[in-house]
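In what follows, a structure is listed as structure tokens, so that the remarks can point back to it.
Read the figures in this text as sums done on the coordinates, not as results from a lab. Nothing here was measured: the structure is a model prediction, and the numbers come from that model. Cβ sites come from the backbone with ideal geometry, for glycine too, and all protein chains shown count toward neighbours.
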Amino acid sequence: MAGWSLWRRPVTLPFSCIKALTTGVHCCSSVSVVRQAYTESGSIVRPFSEIPGQWKNGVANLYNFWKQNGFKNLHRIMLQNFNTFGPIYREKIGYYENVNIINPEDAAILFKAEGHYPKRLQVEPWTSYRDYRNRKYGVLLKNGEDWRSNRVVLNKEVISLKALENFVPLLDEVGEDFVARVHKKIKRSVQNKWTADLSQELFKYALESVSSVLYGERLGLMMDYIDPEAQHFIDCITVMFKTTSPMLYVPPAVLRLIRSKVWRDHVDAWDGIFNHADRCIQNIYRKLREESSEPKKYPGVLASLLMLDKLSIEDIKASVTELMAGGVDTTSVTLLWTLYELARHPNLQEELRAEVLAARAVSQGDMLEMLKRIPLVKGALKETLRLHPVAVSLQRYIAEDIIIQNYHIPAGTLVQLGLYAMGRDPQVFFRPEQYLPSRWLRTETHYFRSLGFGFGPRQCLGRRIAEAEMQIFLIHMLENFRVEKQRHVEVQSTFELIVLPEKPIILTLKPWDSGR
């Protein structure tokens, strides 16, 4: 990585120049621009075919990828490739072909080239299910004008700051119930502490939170007894994620043709998820018929969209279902990594606790006001997403020709920004191996460095919900518990559609005695 400084001077040329270079059309203006670029950067623009990497034999690369256990080591392989090829490389694995970049400045170029209708890599197992069942795509899977028109409506209801006011009371209630559940676990222990792998508890917390906000109803997952219908919903989500990964590199159409178990389980799981949405819609319409006036409290995103009547029921159901599917594992795993890091850094944990207690005192218990007064807590979540990003990369199919690292990349190419690798690049982050939430409080530039939720018009639609959910969770946990981990136990990561802990993270929760 030390030699990368020689690579970090991207040259941006006008499209007319790029067209001349790629088509062989010569004109005075384009030639002069090329000469000027050569003079300023010390090198000329090089063709797409010269981008370093392994892209000439997709079948052989797929075999090597399999031998390296790439399905679980994708993030490490990308990091290794950046170390080998530099800040840009091209690859082809099976039928999957792309260009990978790592620099924040190059990410900015990518963002500017995403066009009016940004398009990213499709989750083909999900689209295949919808095609098979003749279901609508939601905004996560849509493209073009249909995506934009839906997204404009959803932005106001889901990602605007005004919408946050509706979400906070619902999320605060779930956070309080989670704390009460942990206190019960501790009381049942003779040692006045609770030691466990919290992954399933956090999964339930995330599912309960997102269900409350999206569907306007609680599933009862904070109770010891879980309703069989709610348990079936949990099982469907778990199976859906588990069966998605194997179909990322093997075309789902092939698995469907041979009626493989992976495909059949995937279909059954999505059927259960959509059936749950249907039941929620029926309940909402029943409640609306029973109520003579506007709901007394926020009824949830689904009900709000139905009452707004700007999208079809099928469009609403598709987008809300995708929001739910994408918002459970992602937040629960991020919270697990955050608790792990706080357990590794007890002094930092106390700093965060002091900030939360001070915010509570000033805001007099108003959670919405508290969220404005916890910059270090927010920095901790950003730092977690830097070191342990949910997604290995961000993708865009570029809408126009661009120049990155002096290489010409033609329109239509899939370009990926390596999030995991960028978070570990010492030329992007000072001491990247250290967990330092305070780095996000400094005045130094954060330009295209915090991209855990994506960027631009196609950034994560559930961002506002996820951020509030995780911040409120940490507030409640820091006010009530001290988090500790097993000594001398360090946990690495693995890839299974998202970046997960390679082995269970065992944490201990103890009551925090504030002296009050």
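Please list 3J(HN,Hα) in residue order for region 77-94, calculated via the Karplus relation 6.51 cos²θ - 1.76 cosθ + 1.60 where θ = phi - 60°; whole Hz, with x for glycine and proline.
5, 4, 4, 5, 5, 5, 5, 7, 9, x, x, 8, 8, 10, 8, 9, 10, x
For region 416-428, just list the computed ³J(HN,Hα) in residue order, Karplus coefficients 6.51, -1.76 and 1.60, θ = phi - 60°, integers in Hz, with x standing in for Gly and Pro.
Karplus-based 3J(HN,Hα) across region 416-428 equals 10, 9, x, 5, 4, 5, 4, x, 10, 8, x, 7, 9 Hz.
Among 458-468, 238-248, how do they line up from the highest to the lowest mean number of other beta-carbon atoms within 10 Å?
Working: 458-468: 21.1, 238-248: 19.1.
By packing density, highest mean first, the sequence is 458-468, 238-248.
What does the charge count near F178 come to, summing +1 for each Lys or Arg and -1 for each Asp or Glu among other residues with Cβ under 14 Å from its Cβ?
-4
Cα to Cα, under 14 Å, and not fewer than 8 places away if on the same chain: which aspartates and glutamates meet these conditions relative to K112?
List returned: E400, D401.
What ranking, highest mean first, results for peptides 251-263, 380-392 when packing means the other Cβ atoms within 10 Å averaged over each residue? Walk me through the intermediate numbers first.
Values: 251-263: 14.9, 380-392: 23.0.
Packing proxy ranking, top to bottom: 380-392, 251-263.
Please state the charge dipole magnitude for the chain, taken about the Cα centre, from unit charges on C-beta atoms (+1 on K and R, -1 on D and E), reported in debye and rounded to the nearest 20. Provide the component values of the computation, followed by the final result.
Numbers: 67 positive and 57 negative charges, 150 e Å.
Dipole magnitude for the chain comes out near 720 debye.
State the Cα centre-to-centre distance between region 209-279 and region 67-143 in whole Å.
Centre-to-centre distance over Cα atoms comes out at 23 Å.
According to the square roots a ≥ b ≥ c of the eigenvalues of the Cα gyration tensor, what is the shape class of region 78-135, taking rounded for a/c under 1.5, prolate for a/b larger than b/c otherwise, and oblate for the remainder? Walk me through the intermediate numbers first.
Values: a/c = 3.61, a/b = 1.60, b/c = 2.25.
Oblate, since a/c reaches 1.5 and b/c is not below a/b.
Less than 15 Å Cβ to Cβ from F111, Lys/Arg counted +1 and Asp/Glu -1: what total charge do the surrounding residues give? Walk me through the numbers before you get to the answer.
Details: positive: K112, K119, R120, R396, R449, R458; negative: E105, D106, E114, E400.
For residues surrounding F111, the net value is +2.
Going by amide H atoms built from the backbone, whose H comes under 5 Å of the H on G53, apart from near neighbours?
Under 5 Å from the amide H of G53 lie the amide H atoms of R90, each far enough along the sequence or on another chain.
When the helix-only estimate is applied to the chain (DSSP H runs of n ≥ 4, each -39,500 (n - 2.57), divided by the residue count), what is the mean residue ellipticity at 222 nm, nearest 500 deg cm²/dmol?
Rounded to the nearest 500, it is -17000 deg cm²/dmol.
Taking the Cβ-Cβ separation of K156 and E400 as r and a Förster radius of 25 Å, what is the calculated FRET efficiency to the nearest 0.05? Don't jump to the answer; show the numbers that get you there.
Values: r = 29 Å, r/R0 = 1.17.
Efficiency at R0 = 25 Å is approximately 0.30.
Given L342, M307, V267, which one lies farthest toward the positive end of the charge dipole of region 259-382, if we put +1 on the Cβ of every Lys and Arg and -1 on the Cβ of every Asp and Glu?
My answer, from the dipole projection, is L342.
Would you please give the residues with an amide H less than 5 Å from that of L414, counting only those at least 5 places away or on a separate chain, with H modeled from the backbone geometry?
V99
Taking H placed 1.01 Å from N in the peptide plane, check which residues at least 5 places from K119 or on another chain put their amide H under 5 Å from its amide H.
HN-HN under 5 Å from K119: Y397.
As a quick test, which of the pairs K156/K204; K67/K510; K67/K503; K187/K296; K185/K242 have an alpha carbon distance above 32 angstrom in this structure? If you can, show how the numbers build up before the last one.
Details: K156/K204 27 Å; K67/K510 44 Å; K67/K503 21 Å; K187/K296 36 Å; K185/K242 29 Å.
Flagged as over cut-off: K67/K510; K187/K296.
Full extension from K187 to R344: what is 0.36 nm times the residue separation minus their Cα-Cα distance, to one decimal in nm?
On the way: separation 157, 0.36 × 157 = 56.52 nm, distance 2.48 nm.
Value of the extension gain: 54.0 nm.
Given labels modelled 7 Å from the Cα in the Cβ direction, how far is it in nm from I44 to L288?
6.4
Using alpha-carbon pairs under 8 Å, 6+ residues apart, how would you state the relative contact order of the chain in percent?
Details: 739 pairs, mean separation 130.8, N = 516.
Answer for the chain is 25 percent.
Does a label point 7 Å from the Cα of D271, set along Cα-to-beta-carbon, have any residues of region 219-251 with amide nitrogen under 16 Å, and which are they?
The answer is 232-233, 235-237, 239-240.
Using θ = phi - 60° and the Karplus curve 6.51 cos²θ - 1.76 cosθ + 1.60, what whole-Hz ³J(HN,Hα) does each residue of region 98-115 get, with Gly and Pro shown as x?
Taking θ as phi minus 60°, the curve returns 6, 10, 10, 10, 9, 6, x, 5, 6, 4, 5, 5, 4, 4, 5, 9, 7, x Hz for region 98-115.
For labels at W66 and I258 in the simple 7 Å Cα→Cβ model, what's the distance in nm?
In this crude label model, W66 to I258 measures out at 1.0 nm.
Net charge around A206, counting only other residues with Cβ within less than 12 Å of its Cβ (Lys, Arg = +1; Asp, Glu = -1)?
Residues near A206 contribute -3 overall.
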